[in-house]
Amino acid sequence: MDVQAELARQSVKRTAGLIDGDRRRHRRVQVALSGRFMRSNHDEHACTIKDLSVGGASLVTTVAPDLGERIIGYFDHIGGLDGKVVRLTSDGFAFQYKVSDHKHDKLVAQMTWLINREAYPDEAGRRHERVGTKGRKTTLQLNEGIVLDVELLDVSVSGASVGTSARPAIGEQVAVGKVPAIVRRHHAQGLGIQFLSTLANDVLLKTFP
């Protein structure tokens, strides 16, 4: 059995379980993500997400907004979320948000990565030998449907490094060529990408000839 592929399948199953109903409708993932939020009066404040789901999040902050107040937050690895305050806590508040189908899928992919990032350290994508491909071209498809021409710096059955000035969020789901993947890191020349499942060698050769 391909251990990495099985781990990827199990992580997706675990994350799918996060979006099925407990009493809060969505199960929460414990995280620690820095960010900022803007109140309805346009004042901005620092905060940290302490738990997250596809429908809401709890923030740690020294500022207490009003119940029902609209806030707009921007958070590391997650990006922007627009919602309203539903509960005040001893160290901050919780807010709920509704997201599009596109943003929902993006959050699930990002939460999958967040759950597993300790199991996949920065060099996890290099468990398989990389083949240098500098000078060869491929495409990078972003979640917004934008397709970029990028340089394929190196590639293995589990991931690739691409040269580009684009900086999609770490944890964002993308496609390299036509291979679904997740952005794992930023580097000086571009991005380190992990494929969602390990490719067979013959598939790798056909996909990136």
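Remarks
- Contact map, region 180-209: first residue touching a residue at least 24 places away in the same chain (Cβ under 8 Å) and over 11 Å from Ile170 (Cβ atoms), second residue of a type outside the set (A, V, I, L, M) and surrounded by fewer than 21 Cβ atoms within 10 Å (Cβ to Cβ), Cβ cut-off under 6 Å, separation 6 or more or different chains; pairs are Gln189/Gly163; Gly190/Gly163; Gly190/Thr164; Leu196/Pro180; Thr198/Asp2; Thr198/Gln4; Thr207/Gly177.
- Filtered by the rule that a residue be among the aromatic types (Phe, Trp, Tyr) and under 12 Å from the mean Cα position of the chain (by Cα), region 72-112 gives a lone residue, Phe75.
Residues are listed down the side, and each one gets a yes or a no for (1) assigned to a helix (DSSP H, G or I); (2) at pLDDT 80 or above; (3) closer than 30 Å to Ala200 by Cα:
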site: Arg9; (1), (2), (3): yes, no, yes
site: Arg24; (1), (2), (3): no, no, no
site: Gly35; (1), (2), (3): no, yes, no
site: Asn41; (1), (2), (3): no, yes, no
site: Ile49; (1), (2), (3): no, yes, no
site: Val54; (1), (2), (3): no, yes, no
site: Ala57; (1), (2), (3): no, yes, no
site: Lys84; (1), (2), (3): no, yes, no
site: Arg87; (1), (2), (3): no, yes, no
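- Verdict on Val157 being touching a residue at least 40 places away in the same chain (Cβ under 8 Å), farther than 23 Å from Lys103 by Cβ and part of a loop (DSSP other than H, G, I, E, B): yes
Residue-wise test of (1) buried (at least 17 other Cβ atoms within 10 Å of the Cβ); (2) over 22 Å from Phe208 (Cβ atoms); (3) modelled with pLDDT of 90 or more; (4) among the charged types (D, E, K, R).
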position	(1), (2), (3), (4)
Leu107	yes, yes, no, no
Met111	yes, yes, no, no
Lys134	no, no, no, yes
Val147	no, no, yes, no
Gly159	yes, no, no, no
Ala175	yes, no, yes, no
His187	no, no, no, no
Gln194	yes, no, no, no
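- Of all the numbered requirements in (1) of a type outside the set (Ser, Thr, Tyr); (2) in a loop (DSSP other than H, G, I, E, B); (3) more than 19 Å from the chain's Cα centre (by Cα), Ala169 misses one, and that requirement is (3).
- Which listed residue, of Ser53, Ser40, is of a type in the set (Ser, Thr, Tyr) and out of contact with any His (no Cβ under 6 Å at 6 or more places or on another chain): Ser40
The values are calculated or read from the model by the stated rules, or taken from the named source; none is laboratory data. All figures in this text were calculated on a predicted structure; none of them were measured in a lab. Here the Cβ is made from the backbone with ideal geometry for all residues, glycine too, and neighbour counts use every protein chain on show.
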